[in-house]
Every structure is written in structure tokens, then in C-alpha cells.
Amino acid sequence: YLLTVNFCITLLAGLGIDDVFKIRDSNACPNKKLRWLFVIGLATACLLGLVFSLLSFETLWLSLHGIMIKGSQLVASLNEQTMIVGMEFVQSAARKGQLHSAFLLIFLSMVASRSIRSSLIQTGAAFFLIVDLFASNYWVNPLTLEDFYDTPPVANYILDQTNPHDPGRVYRFQDSDFEQLPDVLGATDSAIWVSLYRKLTLYQFLSAKDHIQFAVFGPIDRMETLPSQIITFELRNTKSLEDKLNYLTGLNVGYILSVEPIESPLVTLERVFHINSESPLRVYRLRNRLPRAFLVLEAKPSQENFQSFKSFLAVDPNVTRPIPSPSTSNPSRPTVGEVNVIQSLVQIQRYDPNQIEMESQSDKAGMLILLDSYFPGWHAFVDGKETQVKNINFVFRGVSLLSGAHHITLRYQPDSFKYGLRISSVGGFIWTVLFLAGVTDTYRRRLRHPVRL
């Protein structure tokens, strides 16, 4: 995005400079008109410079209503909403505004003088643009840092360890989980340096291209569902490390990333990666994680609200116990093995964002549960026949299966896409008919009234 914007800015600047010199070098442009253009430009540059100079003084901000300065921060309140901006940022922006106003003044003065060659002025303008864009945007997107565009070693390690027929998720302890953040090596305000540290530690929005699936993440694209918000809320409110690890076990989490050591019998340290920090990145394997897909005895769907959510997640596939009823379960203190997991074989053959194919083999009938978020628009096909996708405990997807071997396909086909496709098809058909009618009418008119040369 920034590269595209910078390219557009330089392109528009180049076209603008070219038009200015066309007017300057044109004999049709009288000196009087050129002087008026220079006076207007000079007044604009001086006015902008004055405004930016006034913005650099704290006394001006204090005289405005609803604005106060606390230490090095500027606090603005309007309609019961508060915005805090560092004064250093404000003064830096004002200085850049003064610099651009001064350059505009110099540029107009050189353009007004016909004795100065156009090539010299254009070279100076190009040099200023290069320096300005380089200084302003290199900290955001330096093209020389090749490591930023490579797949981090920890992502390669996790992908190599992942079984495509039994995918597992990754959870990264967020910075808020620790009292003190690790110091990033090389103290700097460079956004790219911090972004490199985040990429190496597999921040969700930076590692999405590496096909790493996270168990819990923030609203990156603001399309998360209500169940995912509930999961995030409950996990954040889980204070005990053991409870949090048990919680993650039920979310199909196979690996945990942390820059701080984790002491728990539920995890084993797999690898240590050196990152852009004094503290290395530790990769822990979470034991007894719940598979992505498994079979249980017929579960009761819940489409209105979630019940005994923690108890539902705390499942040990190696322990067989009856499914507890909502009245007897205690969601505040879940115990392991509260769901009767059938000894069966469920293998994921294909896992795409819009289609999942699975093979199951069991000697008992039950409910196939997929630990993916339920959302309207998913359709299930068992051995080629469509069946209902059930909302399991307000969170996951479930499909009822009979005993025996089955091929299950889950496909995302929302009705909104069908309606949109139909509307677009009808609109495209009408547009094509009107277009062909117009072309035909024009052709007939030309035949009736041919153009004579």
C-alpha cells in the first residue's frame, strides 16, 4: 500500500512539474500572468509556513478549547471522546510542514526566473522528492531488509512437524501475558525492526501467509464470529497456567510459542530459536491435544448460547466417560475426560478454507465434531448425500454419522453468494442485451444513411 501511494505521489508530482514548465516555457503565457501565478503560490507557501510554525508552539494548543498538555502528551477531548498524541509527533509534523513550504517557495522562485534552466529545477525537485520519501518511509518499508520477506525458521519447523491428515493449531502467548516485555536488540523507533521481531515470533497477522493456524487471535480482518470472541474472552480471563493449557488442549493446540519459559508437566520444550531479542523464542509441544476432528456419542446441539463451554473443551480422547448434562456439569472447574470419545479413525484428506474432506471408520454411530467455528453457509455431504451441519455447543461444527466407513465433505456455499451470482448474472444479461441492441441500431442507421466522402 505504501509503495503504491508513494508511486502515485511521485507520478502526480512529475506530471505537475511538467505542466508548470509547459506554462513557463510557452510563448503564449505573458509575463503578467506568470507573475500572478507566482504571487498566489508565494502567498500560499508563506501562509502554510506560518500555520506550521504556529502549530509547533505549545501555547497555541493551550489556547484552544478542549485541549491540554500533560507532560510530553497532547490530550484533546471532544464529545466525551479523548485522543492522546505525543507533542514530539506534533512538532515533528510541523517541522516537516515548514520544510515543504520552504521548498515550495524556493521552487516557485526558481520557476519565476526564466534565466534558470528547466533541467536544473527539475533535477532539484527530483532530488528533494527522493530524499523526502526516503527519509519519511524507509523506516516503514526498507527494501534492503531481505530477511523480512523470508519465512521465519520457527514457521518452517512447525510446518515440517505438522501432519496434513491431523492438523494442529499454534498458540502464541501475547505480550500482555507477561509483566515485562523482552528488550528488542538495537534500540530504535524503526517500525520495520519491530515488525521483524514480530514476524520471527509468529505474530498472527504477519504469519498468515506462512499457513500457520492460530487457536485464538484478535480481529485482524474484523470478520471473526461471536463464538471466537467468546473463546478469546474466556481464555483471557483464565488466570491459572494449568487451566489455560487445558483450555488450549481442547482447541486443537499442538504447539505453544513463548519468549518466557513455561514450567508445566503438560508441555515439553521442543526447540529454541534466536530472534531479534535478548530472550529467545521457545517452542513447546502441548501434550494430549484434542484432534481437529473426532467422533463422540450423539451430542446435543445448542444454537442459542454456549453451555459448559470449558467442560466441553476439556476432553481426553483416551478416557471414555458419559457426556455430562448441563445441570450436573461444573463449568468453573472442568475435569478431563467429560466427553465420551468413540475409539474411531477420523482422517482429514483435504483441508481448504472453503472445503474440507474427511474419512471416518467406526463401529458405533455418533457425532463427528470438527473443531472449527460454526457459521451459516456450511453444507455437509456424507457419502455424497447432503446432511445437516449442526451447531455444537454454539461453537463448533457437527455431523451425525452412522456406524461404518464414511466420506464426509464440508463445503462453504452461503446463500448470499448464490443470490449475488444470480443478481449479477441477470444484470450482466440485461447489459449485454442493451449493448447488442444499441450496436444493432447503430449499424442499421449506417446502412440507411451511409456516410459520403
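How big is the Rg/Rh ratio for the range 41-123, C-alpha atoms only, Rh by Kirkwood, two decimals?
A ratio of 1.19.
Counting just the Cα atoms, what span does the range 367-453 cover along each of its three principal axes? Round to the nearest Å and put the largest first.
Taking max minus min along each principal axis of the Cα atoms, the range 367-453 gives 82, 27, 17 Å.
Could you compute the FRET efficiency for M87 and F7, with r as their C-beta to C-beta distance and R0 at 30 Å, rounded to 0.05? Present the calculation step by step, with values, prior to reporting the outcome.
Values: r = 33 Å, r/R0 = 1.08.
My answer for the efficiency is 0.40.
At what distance in nm do the modelled label points of S72 and Q347 sit from each other, each positioned 7 Å from its Cα along Cα→Cβ?
About 6.1 nm separates the two model spin labels.
For D19 and A437, calculate 0.36 nm times their separation in residues minus their Cα-Cα distance, and state this gained length in nm to one decimal.
146.2 nm is the gain from fully extending D19 to A437.
Please list H65, H449, H406 in order of solvent-accessible area, largest first, computed with a 1.4 Å probe with all protein chains present.
H65, H449, H406
For the charge dipole of the range 338-453, defined by +1 on Lys and Arg C-beta atoms and -1 on Asp and Glu C-beta atoms about the Cα centroid, which residue among L402, Y412, G427 has the Cα displaced farthest towards the positive pole?
It is G427, whose Cα lies furthest towards the positive end.
Tell me, what is the FRET efficiency for T387 and D166 to the nearest 0.05, using R0 = 35 angstrom and their Cβ-Cβ distance as r? Spell out each step's value before the answer.
Details: r = 23 Å, r/R0 = 0.67.
My answer for the efficiency is 0.90.
Any chance you could run the full-extension gain for V272 through L297? It's 0.36 nm times the residue separation minus the Cα-Cα distance, nm to one decimal.
5.0 nm
Label points 7 Å out from Cα along the Cβ direction at S26 and K364: separation in nm?
Taking the two extended label points, one gets 8.7 nm.
How many angstrom lie between the Cα centre of the range 98-130 and the Cα centre of the range 413-453?
52
So if R0 is 35 Å, what FRET efficiency would F205 and L62 give, r being the distance between their Cβ atoms, rounded to the nearest 0.05? Intermediate results must be reported in sequence, preceding the final value.
Working: r = 39 Å, r/R0 = 1.10.
FRET efficiency, F205 to L62: 0.35.
Determine the dipole magnitude for the range 372-422: charges of +1 sit on the beta-carbon of Lys and Arg, -1 on that of Asp and Glu, nothing else is charged, the reference point is the Cα centre, and the result goes in debye to the nearest 20.
120
Of the cross-linked pairs K96/K199; K364/K390; K385/K418, which ones have a Cα-Cα span greater than 23 Å in the structure shown? Each step should come with its number before you reach the end.
Numbers: K96/K199 31 Å; K364/K390 19 Å; K385/K418 20 Å.
Violating the 23 Å Cα-Cα cut-off are K96/K199.
Label-point separation (nm) for Y157 and D415, each offset 7 Å from Cα along Cα-to-Cβ?
It is 4.8 nm.
Can you tell me the length gained on complete extension of the stretch I230 to S115, counting 0.36 nm per residue apart and subtracting the Cα distance?
34.3 nm
The values are calculated or read from the model by the stated rules, or taken from the named source; none is laboratory data. Computed from a prediction, not measured in an experiment: that's the story for all the values here. Cβ coordinates were reconstructed from backbone atoms using ideal geometry, including for glycine residues, and neighbour counts include every protein chain displayed. For the accessible areas, the whole protein counts, side chains as well, though only heavy atoms, and no ligand, DNA or RNA atoms are used. Shrake-Rupley method; radii C 1.70, N 1.55, O 1.52, S 1.80 Å.
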